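Encoded as structure tokens, the structure appears first; notes follow it.
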Amino acid sequence: MPPNADRLWFLDWVRVCAFGLLIPYHVGFFYSSWDWAANSFYAGPAIEPLLLFSSPWRLPLLFFVSGAACRFLRDRSSAGDFMRSRLLRLGVPLVFGVLIICAPIEYIEGRTHGALGPGFLQFLPRYWTHDPTLRYGLDWEHLWFVAYVLTYALLVAPLRDAIVRVAARIDPLLRHRWFVAIVPMLLIAVPFCILRGWFPVTNNLVRDWSNHVVFLPCFLFGFASVRSQHWRTVEDLRWPALIACVPLYAILIWSNTQYDMDATLRITMRFVRCAYLWAALLVVLGFARRWLNRPSATIAWLNRGVFCFYIIHQPVIVVVGYALTQQRVGVVGEAAVVLLTTIAACLATYVAADRLGAAKILFGLPRGSMRRQRLAQQQLAEQS
């Protein structure tokens, strides 16, 4: 752990808020015109500018904080122990999620697109056996993120010492605002602008290079930067980055209405997206460090459960939203019920799963009791 005076408490807040943002975001996706597992009867383009506000940076932010968390864990364990712990904490929920959690999403998606008849119990055996005649079969749906984090964690585990050496050489440059503002953005933007036209987003891990060139650098930035002595630079950039976000976001909203862009304009919009992505990360991290760099019992409790929330939230949105939209209760009432039901289901699952003993790992919860974690958190806070 770093010196307690430099404890990065704000990353816990960022992690909780970043995962928490996924619930309203995916509820909003249910009401957009974009293709999804299911869409509301009231779906349309009106909500899309709001979704575009966080769409470019919410996942990169999650990969950043995931990389930071992996660094803290890797520093306290050997490469082998770290890899085994990640396979257990991420791999087991991933397999369980694909087999159980994602099945309702695939079923609803098949029903929505007219590819499946009624009967979820009849669908399950075909889903589990990956029936080749079944278009909507075994899939990791939203859990692709877990597979990517697991893959990146396994990649960096044996490379930890090399990454630390490179980070130590680069660290003096991080005191320069221009370096922090421009260089990481270019490391993301240049390969993304080149590869995006050749490799569409697939979320299938092996052929998803336009995603990897964004997500892997963000994961590595988080992994390498948590021991940096120059986080103040990020804090100092929060206001300039926020100002930069305004025109970049406006351009993205405009581009969402353009359906016949030439190659040059498409590449330009990719660059704008990456610039907005990095500026937004600087805003979130900078303001969080300035105002939220302190321990919190509530954040500690939520931080322990956000992985569980992530696993559960999307099937709840899809199932509840699909069932409710058939009733035509009105967009406001429907959206409120879907949002509140999803939050309640996530909290209830967290509380219930935390009492399952060893089986809690199926829902991404760590071993040990919450009481023990609170005591450890309190001890760290007292030492800060």
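The values are calculated or read from the model by the stated rules, or taken from the named source; none is laboratory data. From a predicted model like this one, the values you see are computed outputs, not experimental measurements. Because the Cβ atoms are built from the backbone with ideal geometry, glycine has one as well, and the counts that use them run over all protein chains shown.
The residue pairs whose first member lies in segment 137-152 and is buried (at least 20 other Cβ atoms within 10 Å of the Cβ), whose second member is in a helix (DSSP H, G or I) and among the charged types (D, E, K, R), and whose beta carbons are closer than 7 Å, counting only pairs six or more residues apart or on different chains, are L150/R86.
In segment 180-197 there is at least one residue that is of a type in the set (D, E, K, R) and either closer than 24 Å to D81 by Cα or not in a helix (DSSP H, G or I) (or both). Only one entry of R294, R328, R289 meets the criterion of being within 30 Å of P240 (Cβ to Cβ), basic (K, R) and more than 22 Å from the chain's Cα centre (by Cα), and that entry is R294.
All conditions in (1) in a helix (DSSP H, G or I); (2) closer than 30 Å to I100 by Cα; (3) modelled with pLDDT under 95 hold for R367, with the sole exception of (1).
Of everything in segment 156-169 that is in contact (Cβ under 8 Å) with a residue 12 or more places away in the chain and not basic (K, R), the residue that is farthest from R71 (Cα to Cα) is V166.
Residue pairs, Cβ under 6 Å, 6 or more apart or interchain, first in segment 41-66 and farther than 19 Å from C245 by Cβ, second aliphatic (A, V, I, L, M) and surrounded by fewer than 20 Cβ atoms within 10 Å (Cβ to Cβ). List them. From segment 41-66, the pairs are Y42/V331.
Considering only residues that are surrounded by 19 or more Cβ atoms within 10 Å (Cβ to Cβ) and either of a type outside the set (S, T, Y) or without any contact (Cβ under 8 Å) to a residue 12 or more places away in the chain (or both), look in segment 346-359 and name the one that is nearest to N303 (Cα to Cα). Per the criteria, the residue is C346.
Rundown of residues vs (1) touching a residue at least 60 places away in the same chain (Cβ under 8 Å); (2) within 24 Å of S32 (Cβ to Cβ), yes/no style:
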| position | (1), (2) |
| --- | --- |
| F223 | yes, no |
| W231 | yes, no |
| V246 | no, yes |
| I253 | yes, yes |
| L265 | no, yes |
| R273 | yes, yes |
| N293 | yes, no |
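Scanning segment 217-238 for residues that are among the aliphatic types (A, V, I, L, M) and either more than 22 Å from the chain's Cα centre (by Cα) or surrounded by fewer than 20 Cβ atoms within 10 Å (Cβ to Cβ) (or both) yields a total of 1. Part of a helix (DSSP H, G or I), over 18 Å from V183 (Cα atoms) and modelled with pLDDT of 95 or more: which single residue out of A250, A244, A224 fits that description? It is A250.
Residue selection: P132 satisfies the criterion of being over 29 Å from F223 (Cα atoms) and either without any contact (Cβ under 8 Å) to a residue 40 or more places away in the chain or surrounded by 14 or more Cβ atoms within 10 Å (Cβ to Cβ) (or both). Selection within segment 197-216: residues that are β-branched (V, I, T) and modelled with pLDDT of 95 or more. The member of this set that is nearest to the chain's Cα centre (by Cα) is V214. Does L88 fit the bill of being among the hydrophobic types (A, V, I, L, M, F, W, C) and touching a Gly at 6+ places or on another chain (Cβ under 9 Å)? For L88, the condition - among the hydrophobic types (A, V, I, L, M, F, W, C) and touching a Gly at 6+ places or on another chain (Cβ under 9 Å) - is not met. The residue that is surrounded by the most Cβ atoms within 10 Å (Cβ to Cβ), among those in segment 198-216 that are among the β-branched types (V, I, T) and assigned to a loop (DSSP other than H, G, I, E, B), is T202. Do the conditions hold for A168, that is, is it exposed (fewer than 14 other Cβ atoms within 10 Å of the Cβ) and small (G, A, S)? Taking the combined requirement at face value, the residue satisfies it.
Quick check: anything in segment 153-165 in a helix (DSSP H, G or I), surrounded by fewer than 15 Cβ atoms within 10 Å (Cβ to Cβ) and among the basic types (K, R)? Yes - at least one qualifying residue is present in segment 153-165.
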